[in-house]
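The values are calculated or read from the model by the stated rules, or taken from the named source; none is laboratory data. Because the structure is a prediction, the values reported are computed rather than measured. Neighbour counts run over all protein chains shown; Cβ positions are idealised from the backbone, glycine included. The area values use the complete protein model at the heavy-atom level, side chains included, leaving out ligands, DNA and RNA. Shrake-Rupley method; radii C 1.70, N 1.55, O 1.52, S 1.80 Å.
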Amino acid sequence: MASEQQWESKMEQCFVGLDVSKAETSICVCNQSGGPVFAAKKVTDPDVIFQALRDHVGVIQCVVLETGRMANWLYTELADRGLPVVCIDARQAHAVLSQMHNKTDANDAAMLAELARTGFYRKVEVKSRLAQERRALLKAREVALKSRVNVENTIRGLLASFGLRLPKHLNTYEERVHAILKDRPVLSSVILPLLDLRTADLRQAAALSKEMVRHAKADEACQRLMTIPGVGPVSAVTFVATIDNPRRFSKSRSVGAYLGLTSRRYQSGDVDYGGRISKHGDPMLRSALYEAASSLLNRVKPGKGSELQRWARALKARTSHKKAVVALARKLAVLMHAIWTNGSTFQTKEA
């Protein structure tokens, strides 16, 4: 009986580190004093990993893994199986793991287990399945649009190498290309397949945009965010999918820093100065907010958003156009979070 109690006390307070790769995952389990309890390398599969930890499930206090391509999926699957999973910032983990003399997957897992034991980590919020699906939709749409731009640039560059420029008097891009390829059979055999590729990219981008608009219409939060001048379906869906849980920010102004829209600061001794924006946040949402701010500043007609426009234009007169747009994008991010959390819609006085 005494030996069983001693065994149980030794098994208390286990901590797990998972070094995840696409094919295999290194597992390390340590006890409360940091001593090794179990180590293995298994196929990156939630069922296989859970079975490997089955003997320790009742005493595991924390399972740590880094952010990465497979982190969202593995985190969700392991959490559904009852494991206390924590996803940590890969940049912070890299700063710790880089101190080891020998870089191996087993050593990385051991160090992650040590981080789990000491609590010396910064937890990262893992997005819900719906948010991940919307992010995948937005990424696919972005790829289709970039592919179309890449094809157009390739066509323009190939024609320029022969001293040819697309005519401007025709309405559509296809008409301009066909006009310049007339009586040029060799060039036609090269350019026309690219033109077909551009058409396919446009069709796929349109289909993905239609699906994105459907998500925006079906989501109550997106509908309220789109009452803000300059904010359309793209900006609204991107904001909701990226933030996912607005309650994780106690103050709306924290969203600007989270998205990398606040300036850097360097202070050491007598030196203290600010710099450009940090750009530490999500680039997709930051780009969407920049486009929304640019639209509000330049294209939205005077009316509901006049106060925001006047504020941004006054700032533009003192600094520059780009700085004014960035500042307006940060203001939109704060405003969108406030509207999302309090359940209201845009009001002129909120500007």
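Side notes on the structure shown:
- Any hit, the range 234-242, residues being at positive phi and either open to solvent by 50 Å² or more (accessible area, probe 1.4 Å) or modelled with pLDDT of 90 or more (or both): no
Quick grid of which residues meet (1) over 28 Å from Arg135 (Cβ atoms); (2) touching a His at 6+ places or on another chain (Cβ under 8 Å):
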{"residue": "Gln13", "(1), (2)": "yes, no"}
{"residue": "Val16", "(1), (2)": "no, yes"}
{"residue": "Gln32", "(1), (2)": "yes, no"}
{"residue": "Lys41", "(1), (2)": "yes, no"}
{"residue": "Leu74", "(1), (2)": "no, no"}
{"residue": "Ala93", "(1), (2)": "no, no"}
{"residue": "Gln99", "(1), (2)": "yes, no"}
{"residue": "Glu114", "(1), (2)": "yes, no"}
{"residue": "Val124", "(1), (2)": "no, no"}
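- Checking Arg134 against (1) within 24 Å of Glu66 (Cβ to Cβ); (2) open to solvent by 60 Å² or more (accessible area, probe 1.4 Å), the condition it does not meet: (2)
- Residue count for the range 281-309, restricted to those that are more than 23 Å from Ser254 (Cα to Cα), open to solvent by 50 Å² or more (accessible area, probe 1.4 Å) and modelled with pLDDT of 90 or more: 0
- For the range 253-280, filtered to residues that are at pLDDT 80 or above and in a loop (DSSP other than H, G, I, E, B), the residue that is nearest to Ala329 (Cα to Cα) is Leu261.
- Complete set of residues in the range 141-170 that are within 30 Å of Arg214 (Cα to Cα) and either in contact (Cβ under 8 Å) with a residue 60 or more places away in the chain or more than 35 Å from the chain's Cα centre (by Cα) (or both): Arg141, Glu142, Ala144, Leu145
- Hits in the range 165-192 (condition: outside any loop (DSSP other than H, G, I, E, B) and among the basic types (Lys, Arg)): Arg176
- Residues that are farther than 19 Å from Ala292 by Cα, among the aliphatic types (A, V, I, L, M), open to solvent by less than 50 Å² (accessible area, probe 1.4 Å) and in contact (Cβ under 8 Å) with a residue 40 or more places away in the chain do occur in the range 206-225, at least one of them.
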